[in-house]
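Peer 1: Okay, handing you the structure first.
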Amino acid sequence: MPDTALAIAAALLALALLWLAWWLLIASEGVYLGQRVVVWLYDRFSGRYDDTKNFQPVYEQALLAQPLLDALAGHRAPMVLDVATGTARLPLALLGHPDFQGRIVAADLSRGMLEIAALKLAGQERRCLLLRCPAPGLPFEDESFDVVTCLEALEFMARPGGVLAELLRVLRPGGLLFISNRVNTRLMPGKTWNQQQLAGLLQQNGAESMRREPWQIDYERIFVRKRGTATPLGARPPAELLRCPVCPGVGLDQSEADIWRCCNCRQAIRASGGYLDHEAWCRAR
Ligand SMILES: C[S@@+](CC[C@H](N)C(=O)[O-])C[C@H]1O[C@@H](n2cnc3c(N)ncnc32)[C@H](O)[C@@H]1O
C-alpha cells in the first residue's frame, strides 16, 4: 500500500478511536464502562454539575417537592431516602418547602458530588444525612423508609433492574417510590426501559400502581406505590437506620462532632467532607 493510503487509513482509524472514546466517556457518560468509570467521571466533573444543570430552586420546589408532597396526601413528616442524590437536588427542594417536616438520607457513591452536596446542605445536618454507599447493596433493613427517590440515575447503574428491586426492598408497604425514567434513549441505547418493561419490573418487585407524568425533555416522572399497607414510619434521626458493617446491629449514634459509633458494637466511623463514608467503612473491615 502506498504511503499516502497508509497515512489516510491511520488517520481514519485514529479519528474512529477518538470518536469511540468521546462517545464512551462523554456522550454516554461512561455507562457502558461500569460503575467505577461512571463514579470517577462524576468525581472529576462534580464542580461543573450544577452549572450544567442550572436547577432553579423555584422550579425544583414546584416540580419535585410539591408533586411528591401531593402524592403523600397529608403525611408531612416522612422518612425519605434519596438514592444517587448527586449535589443534593431533591433534599434541597424538600427541605426548602414549608410543608416538609420529614428527614432524609441522601446517598451517592461519588465523593466529589457529596462534598458539594455537604456545602449546600450546611446547617441541615440534623434533618439530612449524607451517606457514601453504592445503590445496589443499600445499608438499610427492609421497609425502612416511607419514601424512596432516585432521579436521573438508574440508567447510570451497572444493573438498573437490581437497583430498582433494592429501592422497593427498603420502602415500607404502601410507601411511595419516586423515580425518573429516561425517555430520550438516543445516547444510551439498551440502557433504558420502555413503559411495558418498567411496569413489569416494578410489578415483579412489589409495586402496586404506577403513575407516569411528562417532566423534562429526557425524562418522565414516575410515582409508584408499594403493595400492602403499613403505618407510616415518620421522621427519625437518619443514622438510627444505618446497618453496621461490622456486626448485625442497626443504628449509629454521634459520640463526638465527627465520630459516629455503632449502637451495638461501638465501632467508630469518622465523617469527613460532610458525609459518612459507609462504603469505605465496609471496605476497611
Ligand atoms: C445525573 S446524576 C443525578 C443526581 C441527582 N439525582 C439529580 O437529579 O441531580 C447521577 C448520580 O448518580 C450517582 N451514581 C452513579 N452510579 C451510582 C451507584 N452505583 N451508586 C450510587 N450513586 C451512583 C452519580 O455519582 C451521580 O451523582
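The values are calculated or read from the model by the stated rules, or taken from the named source; none is laboratory data. Predicted model only: the values in this text are computed from it and were never measured. Because the Cβ atoms are built from the backbone with ideal geometry, glycine has one as well, and the counts that use them run over all protein chains shown.
Peer 1: Being part of a loop (DSSP other than H, G, I, E, B) and touching a strand residue (DSSP E or B) at 6+ places or on another chain (Cβ under 8 Å): is that true of Gly123 here?
Peer 2: Numbers: part of a loop (DSSP other than H, G, I, E, B): yes; touching a strand residue (DSSP E or B) at 6+ places or on another chain (Cβ under 8 Å): no.
Against the criterion (part of a loop (DSSP other than H, G, I, E, B) and touching a strand residue (DSSP E or B) at 6+ places or on another chain (Cβ under 8 Å)), Gly123 does not qualify.
Peer 1: Continuing with the same structure: So if I check each of Arg159, Arg172, which one is over 18 Å from Arg89 (Cβ atoms), within 12 Å of the ligand (Cβ to nearest atom) and over 13 Å from the mean Cα position of the chain (by Cα)?
Peer 2: Arg159
Peer 1: Here is a follow-up. Looking at the structure I just gave you, is Thr85 free of Cβ contacts under 8 Å to residues at least 24 places away in the same chain and either in a loop (DSSP other than H, G, I, E, B) or within 13 Å of the ligand (Cβ to nearest atom) (or both)? Steps first, answer last, please.
Peer 2: Working: free of Cβ contacts under 8 Å to residues at least 24 places away in the same chain: no; either in a loop (DSSP other than H, G, I, E, B) or within 13 Å of the ligand (Cβ to nearest atom) (or both): yes.
Against the criterion (free of Cβ contacts under 8 Å to residues at least 24 places away in the same chain and either in a loop (DSSP other than H, G, I, E, B) or within 13 Å of the ligand (Cβ to nearest atom) (or both)), Thr85 does not qualify.
Peer 1: Of all helices (runs of 4 or more DSSP H) completely enclosed by region 3-63, which ones contain at least 1 residues that are buried (at least 16 other Cβ atoms within 10 Å of the Cβ) and within 31 Å of the chain's Cα centre (by Cα)? Even if it seems obvious, please write down each step before you answer.
Peer 2: On the way: elements: 3-22, 35-53, 57-60.
In region 3-63, the matching helices (runs of 4 or more DSSP H) lie at 35-53, 57-60.
Peer 1: Which of the residues that make up region 159-192 are in a loop (DSSP other than H, G, I, E, B) and either closer than 26 Å to Phe140 by Cα or touching a Pro at 6+ places or on another chain (Cβ under 8 Å) (or both)?
Peer 2: Of the residues in region 159-192, the ones in a loop (DSSP other than H, G, I, E, B) are 159, 170, 183-192.
Within region 159-192, Arg159, Val170, Lys191 meet the criteria.
Peer 1: Now a separate question. If you scan region 239-255, which residues turn out to be assigned to a loop (DSSP other than H, G, I, E, B) and small (Gly, Ala, Ser)?
Peer 2: Listed by number, the residues that qualify are Gly249, Gly251.
Peer 1: Can you go through Gly86, Gly74 and tell me which one is of a type outside the set (Ser, Thr, Tyr), more than 23 Å from Leu131 (Cβ to Cβ) and assigned by TED's automatic domain parsing to the domain that holds Glu143? Don't jump to the end; show me each part of the working.
Peer 2: Numbers: Gly86 fails: more than 23 Å from Leu131 (Cβ to Cβ).
It is Gly74.
Peer 1: Take region 233-248 and flag every residue that is buried (at least 16 other Cβ atoms within 10 Å of the Cβ) and either touching a residue at least 40 places away in the same chain (Cβ under 8 Å) or in contact with a strand residue (DSSP E or B) (Cβ under 6 Å, 6 or more places away or on another chain) (or both). Steps first, answer last, please.
Peer 2: Here is the first cut: in region 233-248, the ones buried (at least 16 other Cβ atoms within 10 Å of the Cβ) are 233, 235, 238-239, 241-246.
Residues satisfying the conditions are Leu233, Ala235, Pro238, Ala239, Leu241, Leu242, Arg243, Cys244, Pro245.
Table: residues versus (1) surrounded by fewer than 21 Cβ atoms within 10 Å (Cβ to Cβ); (2) away from the ligand (no atom under 13 Å from the Cβ); (3) among the basic types (Lys, Arg).
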position: Ala117; (1), (2), (3): no, no, no
position: Gly123; (1), (2), (3): yes, yes, no
position: Leu130; (1), (2), (3): no, no, no
position: Ala135; (1), (2), (3): no, no, no
position: Leu138; (1), (2), (3): no, no, no
position: Glu143; (1), (2), (3): yes, yes, no
position: Val147; (1), (2), (3): no, yes, no
